[in-house]
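Asker: Dumping the structure here so I can ask a few things about it.
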Amino acid sequence: MDPFLAGSYLTVDLGALQENYRILSSQSEVAECAAVVKADAYGLGLKEVSLSLDAAGCRKFFVALPSEAVRLRKYLPAAEIFVLGGLFDGAENIYIDERITPVLNCLDEIKRWSKATEEHGPLSAMIHLDTGITRLGLLQSDIEELNSNPHWLDGLEIRYIISHLACADTPEHPHNDFQLSELHRLRALLPPALHDVPVSFTNSCGIFLGPDFQFDLLRPGIALYGGNPVPGQKNPMKQVIHLQGKVLQVHDVDSKNAVGYGATWRCKENARVATVSVGYADGYFRALGDVGECAIENNKVSVIGRVSMDMISIDVTGLSEDKCQRGTLVSLIGGAIDLDELATQAGTISYELLTALGHRSHRRYINAVQ
């Protein structure tokens, strides 16, 4: 996209992304660090992100869907690629041809993948245990049935036992220790051949719960992209994105003039209001109307009135005219605007803000270290 034609600009700092990978890798002396790149690498671009992580030393990648895995394989011919969503019905040959490893979430998937080995030879897999999030994975009854039928594993090379934390973003939550205990208990019920298989348990926040949770393979997602994995503490991660919108017009208004749809905002005295070319079609949440903050040269200003599809209004009364003119760039995410704080203002989480980023912004990737 020609940057002169864009209303907003998304800068992705691939050097910061790579540094975040190194920071996360350093949290364990023994565990390898993978990367979760599902949902187009959390909205930041699968190709650019995955190539940068590969250059930083990452060799294992997780996606949600086999379609994502097929796309990722084009960029990373030698990487190990794991599909969290499991073995999709009828797609066995695609997994095999693309060298994709499924995370097997139920007994049916285990049996179908084992059946495929009869024709294709040994196939790699992960086995998912549900330790208390109740989304995907084997329950105790499934494990007991598998233990009675160990031949269902014939031909399978189980790379890892995997589970997922439900409350890792709340370190003091008792469910974390409960799930850790459940993981140990359920592993002991598996067929003997699986007792010594390596384990992957921790997401971004889980990594910071300590060595007892880290096991053999770390599985960060949001922290790679700058989200805070230690809520309530200083974010140890580097800022990866900077979303900026362009000022289209600046108005001098008084209390007679309403701002935006629904005429929900009026000033008490004279004010200066700037219209910025970004809206919910660009992933800037409608919920940020009247509550969000943005910044001009690190000076924070308030979003006023409703967020519309293509525009927001901001109160720039406190800035000198030379600081905010037609064409001035306004920081919406990044710069002086913290990703997680903005998510809180929108009543959501940083994951949703990133994955909602639209494709109308001119994208610029910087600082990749090869």
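The values are calculated or read from the model by the stated rules, or taken from the named source; none is laboratory data. Just so it is clear, the structure is predicted and the values come from calculations on it, not from any experiment. Note that each Cβ is placed from the backbone with ideal geometry, even for glycine, and that neighbours are counted across all protein chains shown. Remember, those area values only see protein heavy atoms, side chains included, never the ligands or the DNA or RNA. Shrake-Rupley method; radii C 1.70, N 1.55, O 1.52, S 1.80 Å.
Asker: Please work out how much length the chain gains when fully extended from residue 281 to residue 134, using 0.36 nm per residue of separation minus the C-alpha to C-alpha distance, in nm with one decimal. Could the numbers behind the result be given before it?
Answerer: On the way: separation 147, 0.36 × 147 = 52.92 nm, distance 3.31 nm.
The residue 281-residue 134 span can extend by a further 49.6 nm.
Asker: Which one, 157, 98, 321, has the greatest fluctuation when you compute a Gaussian network model over the chain with C-alpha springs under 10 angstrom?
Answerer: Result: 321 has the largest fluctuation of those listed.
Asker: Hey, another quick one. Relative to the longest principal Cα axis of the chain, at what angle does helix 14-25 sit, 0 to 90 degrees, rounded to 10?
Answerer: Computed tilt is about 40 degrees.
Asker: Which three lengths, in whole Å and largest first, does the chain cover when its Cα atoms are put on their principal axes?
Answerer: Largest first, the chain extends 77, 43, 38 Å along its Cα principal axes.
Asker: If you don't mind, another one. What does the accessible area of residue 148 come to, in Å² to the nearest 10, when a probe of 1.4 Å is used?
Answerer: 90 Å²
Asker: Evaluate 2.2 N^0.38 Å with N set to the residue count of segment 284-340, then give the Cα radius of gyration divided by it. Walk me through the numbers on the way to the answer.
Answerer: On the way: Rg = 10.9 Å, N = 57, 2.2 N^0.38 = 10.2 Å.
Ratio of Rg to 2.2 N^0.38 Å for segment 284-340: 1.07.
Asker: Now, a different point. Using the Cβ atoms and a cut-off under 11 Å, what net charge is assigned to the surroundings of residue 21, where Lys and Arg are +1 and Asp and Glu are -1?
Answerer: On the way: positive: 22, 238; negative: 19, 54.
Once positives and negatives cancel, what remains is 0.
Asker: Shape of segment 92-160 from its Cα gyration tensor (a ≥ b ≥ c, root eigenvalues): rounded if a/c is under 1.5, otherwise prolate when a/b > b/c, or oblate? Intermediate values should be presented prior to the final figure.
Answerer: Details: a/c = 2.46, a/b = 1.49, b/c = 1.65.
Judged from the Cα gyration tensor, segment 92-160 comes out oblate (a/c at least 1.5, b/c at or above a/b).
Asker: Another one. Any idea what the dipole of the chain comes to, in debye rounded to 20, about its Cα centre with Lys/Arg Cβ at +1 and Asp/Glu Cβ at -1? Show your work: numbers first, answer last.
Answerer: Details: 32 positive and 46 negative charges, 221 e Å.
With Lys and Arg at +1 and Asp and Glu at -1, about 1060 debye.
Asker: What is the angle, in °, between the Cα long axis of helix 46-55 and the longest principal axis of the Cα atoms in the chain? Nearest 10 is fine, range 0 to 90.
Answerer: Taking the Cα atoms of the chain, the angle to 46-55 is about 60 degrees.
Asker: Just how many pairs of Lys in segment 34-151 have C-alpha atoms closer than 22 Å, counting pairs that are eight or more places apart or on different chains?
Answerer: Values: 38/47; 38/60; 38/74; 47/60; 47/74; 60/74.
For segment 34-151, the number of qualifying lysine pairs is 6.
Asker: Please report, in whole Å, how far the alpha carbons of segment 235-370 spread along each principal axis, starting with the longest.
Answerer: Here the Cα extents, ordered largest to smallest, are 55, 31, 27 Å.
Asker: Using Cα atoms only, what is the angle between the long axis of helix 66-75 and the major principal axis of the chain, expressed in degrees (0 to 90) to the nearest 10?
Answerer: Long axis of 66-75 versus the principal axis of the chain: about 80 degrees.
Asker: Suppose the Debye formula is applied to equal point scatterers at every Cα of segment 319-358; what is log10 I(q)/I(0) at q = 0.15, 0.17, 0.26 Å⁻¹?
Answerer: Debye intensities relative to I(0), on a log10 scale: -0.47, -0.56, -0.85.
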